[in-house]
Amino acid sequence: MVKFIDSHTHCEFSPDSRMKMADAVEKVRIEGLGGIVFTDHMDIDTPTKDRTFMFKPEEQQAAIDKLENAEGTEILKGIEIGLQPQVLNKIKRYIGDSSFDQVIASVHFVDGVDPYHQPYYDGKNFIQAYGRYLDVIYECITTYTDFDILGHYDYIARYAPYAEKSIYYTDFSMQLDRILKFLASEGKALEINTNTYREKCGGVPELDTVVLCRFRELGGEFVSLGSDSHDLNRIGEQFSHYSEIIKSCGFDSVTHFKKRKAEKVRII
Ligand SMILES: [Zn+2]
Ligand SMILES: [Zn+2]
């Protein structure tokens with residue numbers, strides 16, 4: 001198997017994770033992957049106040065430095081920043097001078113509501129619910145641009161209660177085009193997050209390959225592959241399958257970032 005890097009994982013510095021860094025590194029070796037990027041959550045001003053999705057970058061990075069650096073296994077320092085319009089000017093203050101290898105920008109909350117829960121969908125059809133999510137992504141990433149990868153652009157489809165379980169290009173071409181054009185022109189990566197395409201809420205969203213092919217057509221160069229693992233058993237999940245899909249859309253490699261520079265792993 002190609003030595004892909006799992007570029008999106010959560011360990012003990014994320015409150016919702018159930019795996020430890022050291023175990024994850026061991027699992028990477030067992031699975032024959034090339035490495036892992038620990039991208040713990042930093043979500044400022046979450047609507048659910050019961051949990052703090054924050055960590056101290058210096059503590060996470062020190063823990064990574066202490067890991068036994070297995071020969072041939074790349075272990076990188078990352079973060080997944082939760083973007084919301086009202087927090088964009090606070091993010092820098094929290095990150096401080098920490099230098100990460102890779103920064104994922106994600107949207108987890110929309111208009112102050114968590115789309116994990118039903119109230120977000122009340123009074124909205126799927127076009128309105130998904131469309132609003134995509135509009136917020138565009139607003140946030142064009143304002144806060146200090147990131148490398150757009151995380152799970154179709155995250156909202158994971159939890160939505162509709163029969164329409166997927167975000168298809170044909171339904172959201174205007175919203176998707178402006179996001180993809182921006183990523184392509186800024187040299188940022190589009191993430192294929194394999195956690196989205198699992199059974200949840202009575203249905204399985206599927207990746208619309210048209211979105212990926214359109215990204216290529218618009219000049220996109222980088223696609224990343226992340227499991228979004230919070231459990232050991234999901235590390236590198238379905239990477240063979242999705243790397244073939246990525247290749248079929250015209251990309252010859254999968255990308256992760258090291259010291260904020262794109263590194264490509266060729267798909268054979
Ligand atoms: Zn996320
Ligand atoms: Zn994540």
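Points worth noting:
- Of all the residues in segment 154-182, those that are closer than 17 Å to residue 224 by Cα and without any contact (Cβ under 8 Å) to a residue 40 or more places away in the chain number 1.
- Of the residues making up segment 37-80, those that are within 16 Å of ligand 1 (Cβ to nearest atom) and either in contact with a Cys (Cβ under 7 Å, 6 or more places away or on another chain) or in a strand (DSSP E or B) (or both) are 37, 38, 39, 40, 41, 42, 43, 78, 79, 80.
- Residue satisfying all of: in segment 19-36; under 14 Å from residue 2 (Cβ atoms) and outside any loop (DSSP other than H, G, I, E, B); farthest from the chain's Cα centre (by Cα) among these: 31
- Of all residues in segment 250-268, exactly one satisfies the criterion of being assigned to a loop (DSSP other than H, G, I, E, B), surrounded by fewer than 13 Cβ atoms within 10 Å (Cβ to Cβ) and under 18 Å from the mean Cα position of the chain (by Cα), namely 259.
- If the condition is being of a type in the set (Val, Ile, Thr), more than 12 Å from ligand 2 (Cβ to nearest atom) and at pLDDT 95 or above, then segment 91-111 contributes 103, 110.
- Any hit, segment 97-106, residues being under 18 Å from the mean Cα position of the chain (by Cα), buried (at least 19 other Cβ atoms within 10 Å of the Cβ) and more than 16 Å from ligand 1 (Cβ to nearest atom): yes
- One residue alone among 184, 157 is under 15 Å from the mean Cα position of the chain (by Cα), of a type in the set (Gly, Ala, Ser), more than 29 Å from residue 21 (Cβ to Cβ) and assigned to a helix (DSSP H, G or I), and that residue is 157.
- Number of residues in segment 216-233 that are more than 16 Å from ligand 2 (Cβ to nearest atom) and within 16 Å of the chain's Cα centre (by Cα): the value is 2.
- Some residue of segment 193-203 being part of a strand (DSSP E or B), farther than 17 Å from residue 141 by Cβ and at pLDDT below 95: yes
- Look at segment 118-146: where a residue is among the basic types (Lys, Arg) and a partner is surrounded by fewer than 16 Cβ atoms within 10 Å (Cβ to Cβ) and not in a helix (DSSP H, G or I), sitting 6+ places away or on another chain with Cβ atoms under 8 Å, you get 132/111; 132/124.
- Segment 3-19 residues that are within 16 Å of residue 151 (Cβ to Cβ), paired with ones that are of a type in the set (D, E, K, R) and within 11 Å of ligand 2 (Cβ to nearest atom) (beta carbon under 6 Å, 6 or more apart): 8/228; 10/40; 14/40
- Scanning segment 223-249 for residues that are assigned to a loop (DSSP other than H, G, I, E, B) and of a type outside the set (Asp, Glu), we see that the one that is farthest from ligand 1 (Cβ to nearest atom) is 249.
The values are calculated or read from the model by the stated rules, or taken from the named source; none is laboratory data. In this text, all values refer to a predicted model and were calculated from it rather than measured experimentally. So basically every Cβ, Gly included, is an ideal-geometry build from the backbone, and we count neighbours across all protein chains shown.
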